[in-house]
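Asker: Below is a structure I'd like to ask you about.
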Amino acid sequence: MKTADPTADIRENINLLRQKISAAASRVGRQPDSVRLLAVSKKFGPEMILAAAQAGLLYFGENFVQEAAVKLGDSRLRALDPAPQFHFIGHLQSNKTKLASELFDVIQTVDRLKLARALDTQLRKSDRIMPILIQVNVAGERQKSGVAPADCEQLLSAIRELPHLSARGLMTMPPYSDDPEESRPCFRQLRLLAEDLTQKGLLGINGPVELSMGMSGDFEVAVEEGATIIRVGTAIFGSRS
Ligand SMILES: *Cc1c(COP(=O)(O)O)cnc(C)c1O
């Protein structure tokens, strides 16, 4: 429902989402609280993040380093308690790693060794360890970022040698479709890949393995397939005009 009050809309959208997440989790015998709802706030201003945080959300996703830098400078956001966590979910250029490593709590889109090394170098200067996810291009789409599933093992082995990065899991974006069921094979493949990499000792070392998959159109299928983080924008904030 659209009202004149965006805070009320956001609150209602989040309540609805929580019900759908719970239902999807129960269908496959999962606990609803094993799924983290990451609110994708790209192209929305700090007041929308504030409204979502006041409705109880703790995790936010941003796609552009510069845009996030402006938003995260907002004093109202900085004053939030508990402090929200910001995940980077866009394509990261190696020359933006300094700012990205300062702004974000998690980087979900590491997909090449050059980028991992650049991040590690920046983080060394501040003596921090950054939790990261590996972005996997499961369907092998030419225009999309992400490491090929077959190259994931090699990338993770190399990242294991970088002391300031902590690989926590995998992230993917399936090919666009109106039908959420079309995403299922992709989500399943990501889960199987994560299981394989865990068995090989490359994931699951620093805590439970994270699977970041599912967006507004297909998060229920993603939860059924084992998502631990769903990235939802439109279904919380409305369409990005
Ligand atoms: C924009 C975006 C989302 C959210 O998409 P919605 O369809 O608005 O929920 C999720 N993940 C990534 C990587 C995105 O760029």
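Each value in this text was obtained by applying a stated rule to the coordinates, not by laboratory testing. Everything quoted here is computed from the prediction, not taken from an experiment. Glycine also receives a Cβ, built like all others from the backbone with ideal geometry; neighbour counts cover every protein chain displayed.
Asker: Please compute the volume of the convex hull spanned by the alpha-carbon atoms of region 115-193 and report it per residue in Å³.
Answerer: 97
Asker: How are the alpha carbon pair distances in region 187-226 distributed across 10 Å bins from zero to the largest one, expressed in percent?
Answerer: 32, 47, 20, 1
Asker: Sticking with this one: So what is the 222 nm mean residue ellipticity for the chain from helices alone, if each DSSP H run of at least 4 adds -39500 (n - 2.57) and you divide by all residues, rounding to the nearest 500 deg cm²/dmol?
Answerer: About -12000 deg cm²/dmol.
Asker: How big is region 11-55 by the Kirkwood estimate over distinct Cα pairs, in Å? It would help to have the intermediate numbers written out before the result.
Answerer: Values: mean 1/r = 0.0854 Å⁻¹.
Evaluated over region 11-55, this radius sits at 11.7 Å.
Asker: Could you tell me the extents of the chain's C-alpha atoms along the three principal axes, largest first, rounded to whole Å?
Answerer: For the chain, the Cα spread along each principal axis is 51, 41, 32 Å.
Asker: Taking loop as defined by DSSP and a crowding limit of 13 other beta carbons within 10 Å, which trypsin sites (Lys or Arg not before Pro) in region 69-131 fit?
Answerer: Numbers: sites: LYS71, ARG76, ARG78, LYS96, LYS98, ARG112, LYS114, ARG117, ARG124, LYS125, ARG128; in loops: ARG112, ARG128.
Sparse-neighbourhood loop trypsin sites (Lys or Arg not before Pro): ARG128.
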